[in-house]
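Take a look at the structure set out below.
What follows is calculated from the coordinates using simple rules that are stated; it is not laboratory data. Because the structure is predicted, anything quoted here is derived from the model rather than measured. All Cβ positions, even for glycine, are placed from backbone atoms using ideal geometry, and neighbour counts span all protein chains on display.
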Amino acid sequence: MARNKKVYASYKPLHETLKKKNISMSDLIAHDIITETVITRMNSGFDLPSTINTLCDYLKCSKEEIVEYYPVPE
C-alpha cells in the first residue's frame, strides 16, 4: 500500500479464515499471536503490517486471507 494514500483495512477475510481453520480470536490471544489492543485497532480499520505478517505465518495463509483494503474518500 502506498503510504501517502489513506486506506481502510477490513479484516473480514481473517474472520472467514479463522472459521475455516476452527480457530477463534481468543485462541490467537491465548497463543500470544495478537493482543486485545491489536483486535481493537483491527476493528477500527488500521493497517497493521507486522500483525498481518505474524498472522500469515501462524495461520499459513496469504495476506489476502487476512485483510482487504479500501480507499478512504477524501
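For the chain, adding -39500 (n - 2.57) for each run of n ≥ 4 DSSP H residues and dividing by the number of residues yields -12500 deg cm²/dmol at 222 nm. Relative contact order for the range 8-71: 59 percent, from Cα pairs under 8 Å spaced at least 6 residues apart, divided by residue count.
Restricting the chain to chymotrypsin sites (Phe, Trp or Tyr not before Pro) that sit in a DSSP loop and have at most 15 other Cβ atoms within 10 Å of their own Cβ leaves F46. Among V7, V72, V67, sorting on how many other beta-carbon atoms sit within 10 Å of each Cβ, with the fewest leading, yields V72, V7, V67. When the trypsin sites (Lys or Arg not before Pro) in the range 18-74 are filtered for DSSP coil states and for at most 16 other beta-carbon atoms within 10 Å of their beta-carbon, the remaining sites are K21, K60. The structure-derived value of Rg and Dmax of the Cα atoms in Å appears in the list (i) 12.3, 39; (ii) 18.0, 63; (iii) 14.1, 50 under the label (i).
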